[in-house]
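Right, one structure below, let's go through it.
Here, each number is a calculation from the coordinates, and none is a lab measurement. Note that the coordinates shown come from a computational prediction; the quantities given were computed from them, not determined experimentally. Ideal geometry is used to build each Cβ from the backbone, glycine not excepted, and the neighbour counts take in all protein chains shown.
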Ligand code: SF4
Ligand code: ZN
């Protein structure tokens, strides 16, 4: 059966059906609609004001690649300027190839790129060293927890270094739904209540952060990358398979098969959650070491580093810090249904169009 006409331009043949609406569109109209929706998210949420210097957390993966590309398209209309900030966690055989993809993107799109390394920021600690230190400690499956806390800090430092006023990350709707599920499964009410919205306004002196792709489904992010022929890196980090997030991801796929709106329903449910007064955690104070927001004497990053430096990583993430355990990577672990890609970036096999 021939593909129907594009429901938007009524000229070209449709190349896909939008996963949620079922609307048949050609590639050009789909990309235009995707960009318009991100623009609406940014403008309606007042996420990036005119004049903002925006640090894009660039990992070389599909989400941050799509985010950087879309924001570059929208930058003149939004009146913002972009900087790419990549974090080198020090993961042998993985991050170097991903950083190579970021460097290609920066060169192609003529965007300034800054790379910040854990080893430089955190007294020589790399993720590989953290993994060795935690091996056999009972925390060896929590590499992503350490990494997530340190990466947040590193991205903040990199953004400040390049003079950014705002930080954006590429979390999509599926990532956010997984996080909501994980927080439910852990019974972490505090994180559930904080997890709603499109970002954080920059409490405690931190730069404002937002997630312009938070309402975009992972499938559409992949389709956008396909139709725009974006070069990205999609190998899985060596530490990803152990993460708790993988279980939430599997569960979400099952839920979505039974109820296609499950992803967005979960994202919106987090926006509407409110904690009973008795369940609210005390307001955070400032870390006694670095001044960042902290619910205890030390912020999460300083507590993790403190434990590592003392050779007792269990000190850093334990029962007292419920919710930190096994955070898992929101994006480095690529979904199984994505097109395979070579390290060089071009797709080894394209996503199968709906027609
Ligand atoms: Fe860090 Fe992501 Fe690797 Fe986990 S999967 S260790 S969060 S880079
Ligand atoms: Zn601190």
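Tabulated data
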read-out	value
Length-normalised contact order for region 237-306 - Cα pairs under 8 Å, 6+ apart - percent	13 percent
Linear extension gain, residue 23 paired with residue 160, 0.36 nm per residue minus alpha-carbon span	45.1 nm
Computed label-point distance, nm, for sites residue 309 and residue 200 using a 7 Å Cα→Cβ extension	2.2 nm
D (Stokes-Einstein, µm²/s), Kirkwood Cα radius, region 140-282, 1.567 mPa s at 4 °C	77 µm²/s
Two-decimal ratio, region 32-127, of alpha-carbon radius of gyration to 2.2 N^0.38 Å	1.19
Order of 184, 227 under a 10 Å beta carbon neighbour criterion, fewest first	184, 227
Least to most buried among 8, 234 (fewest other Cβ within 10 Å first)	8, 234
Per principal axis, descending, Cα span of region 125-187 in whole Å	41, 31, 16
Relative contact order %, region 14-105, counting alpha carbon pairs below 8 Å whose residues are six or more apart	24 percent
Per-peptide average of other Cβ atoms within 10 Å, ordering 206-214, 279-287, 22-30 highest first	206-214, 22-30, 279-287
Cα-based radius of gyration of region 52-195 once divided by 2.2 N^0.38 Å, which approximates compact folds	1.12
Proxy reagent accessibility, fewest Cβ within 10 Å first, across 125, 109	109, 125
